[in-house]
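Engineer: First the structure, then my questions, so here it is.
The values are calculated or read from the model by the stated rules, or taken from the named source; none is laboratory data. What you see is a predicted model; the values in this text were computed from it and never measured. In this analysis, Cβ positions are derived from the backbone assuming ideal geometry, glycine residues included, and neighbour counts consider all displayed protein chains.
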Amino acid sequence: MVQPLLHHWHDQCYAVRHMRNIAYLSLLFLAACGVDQPGTQPTLSFASVRDRLSHEPTRLFIPGTGSTGSLVAKRYTHDGWVEGTSTLAITGGELTAKATGDQVSAASFELELAPIDLPDAVFGKPAQLTDVRVTLASSVTAPATWSDADDATATLPVMLDLAWSIAIDQGVTQLGTQHLPVIPLDLTLTGGGDHVDATLSLHGDGTLWTWADLLQLADLKLEIEASTVE
């Protein structure tokens with residue numbers, strides 16, 4: 001009586017192992033054939049930069065390296081305007097771009113900057129702009145020039161909001177959000193369908209912000225590198 005039971009148990013175990021082997025081999029076959037397994041998202045591929053931006057909004061990330069900038073700060077004194085140029089260091093950000101026909105749009109754009117040292121001549125003592133963040137006030141669209149499917153240029157008239165604080169003598173004062181005038185953003189796109197690179201150039205000439213005709217920020221210049229992160 002024991003022997004038949006052992007044979008029956010052995011046959012059941014063999015059948016279970018056999019079914020597992022079949023299932024494992026089936027998954028290997030599907031993977032080799034490029035068939036997506038249940039519960040996984042298919043990987044999209046695009047033929048070009050234009051194809052990718054036309055299919056979906058594309059996020060271009062701005063790292064803390066490879067970008068440069070400057071800003072002029074001015075303060076009015078009894079001897080007239082005193083000014084100095086501050087270097088801007090970008091710590092991060094991103095641009096979301098999309099192509100529709102011959103148009104390119106920026107759906108969102110934001111930059112975070114390291115504290116900005118103001119020249120001592122402006123206040124006569126050390127001062128910094130801190131918690132500096134620049135964001136796109138509303139989406140903007142402009143005609144694009146495509147030299148081919150992977151290379152394009154466009155100039156977007158962007159309206160930016162500036163959030164910041166000012167630190168003087170160890171005291172920090174949060175300033176209200178400032179709405180900057182329209183600044184042209186020169187956008188260059190290149191790369192391919194699997195990886196998109198972008199260069200953003202902003203030149204805000206003249207006075208961008210003023211407070212009681214005593215303090216001004218002017219002549220913003222930014223050269224920014226951005227790319228997709230796969």
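Yes/no per residue for (1) more than 30 Å from THR43 (Cβ to Cβ); (2) surrounded by fewer than 16 Cβ atoms within 10 Å (Cβ to Cβ); (3) at pLDDT 90 or above:
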position: PRO126; (1), (2), (3): yes, yes, no
position: ARG133; (1), (2), (3): yes, yes, yes
position: TRP146; (1), (2), (3): no, no, yes
position: ALA152; (1), (2), (3): no, no, yes
position: VAL158; (1), (2), (3): yes, no, yes
position: LEU162; (1), (2), (3): yes, no, yes
position: GLN174; (1), (2), (3): yes, yes, no
position: THR177; (1), (2), (3): yes, yes, no
position: GLY192; (1), (2), (3): no, yes, yes
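Listed here are the residues, each with its yes/no results for (1) touching a Gly at 6+ places or on another chain (Cβ under 9 Å); (2) in contact (Cβ under 8 Å) with a residue 40 or more places away in the chain; (3) within 19 Å of GLY66 (Cβ to Cβ).
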| residue | (1), (2), (3) |
| --- | --- |
| PRO115 | no, yes, no |
| PRO119 | yes, yes, no |
| VAL132 | no, no, yes |
| SER139 | no, no, no |
| ASP151 | yes, yes, no |
| LEU202 | yes, yes, yes |
| LEU222 | yes, yes, yes |
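Engineer: Also: Of all residues in region 124-138, which are under 16 Å from LEU162 (Cα atoms) and among the small types (Gly, Ala, Ser)?
Structural biologist: Answer for region 124-138, where residues must be under 16 Å from LEU162 (Cα atoms) and among the small types (Gly, Ala, Ser): ALA137, SER138.
Engineer: Enumerate the strands (runs of 3 or more DSSP E) found wholly within region 1-92, keeping only those where 1 or more residues are over 30 Å from LEU200 (Cβ atoms) and modelled with pLDDT of 50 or more.
Structural biologist: It comes to 68-77, 80-88.
Engineer: In the list THR177, THR199, which residue meets the criterion of being β-branched (Val, Ile, Thr), under 23 Å from SER86 (Cβ atoms) and over 15 Å from the mean Cα position of the chain (by Cα)?
Structural biologist: THR177
Engineer: If you take the residues of region 78-88 that are small (Gly, Ala, Ser) and surrounded by 15 or more Cβ atoms within 10 Å (Cβ to Cβ), which of them is nearest to ALA121 (Cα to Cα)?
Structural biologist: GLY84
Engineer: Let me ask you something else. What number of residues within region 66-86 satisfy the criterion of being closer than 21 Å to LEU185 by Cα and small (Gly, Ala, Ser)?
Structural biologist: Residues that pass the stated criteria total 5.
Engineer: Next question. Restricting attention to region 207-230, report how many residues are more than 16 Å from VAL158 (Cβ to Cβ) and part of a strand (DSSP E or B).
Structural biologist: 10
Engineer: Could we say that LEU208 is among the hydrophobic types (A, V, I, L, M, F, W, C) and over 22 Å from GLY84 (Cβ atoms) here?
Structural biologist: When the stated conditions are applied, LEU208 does not pass them.
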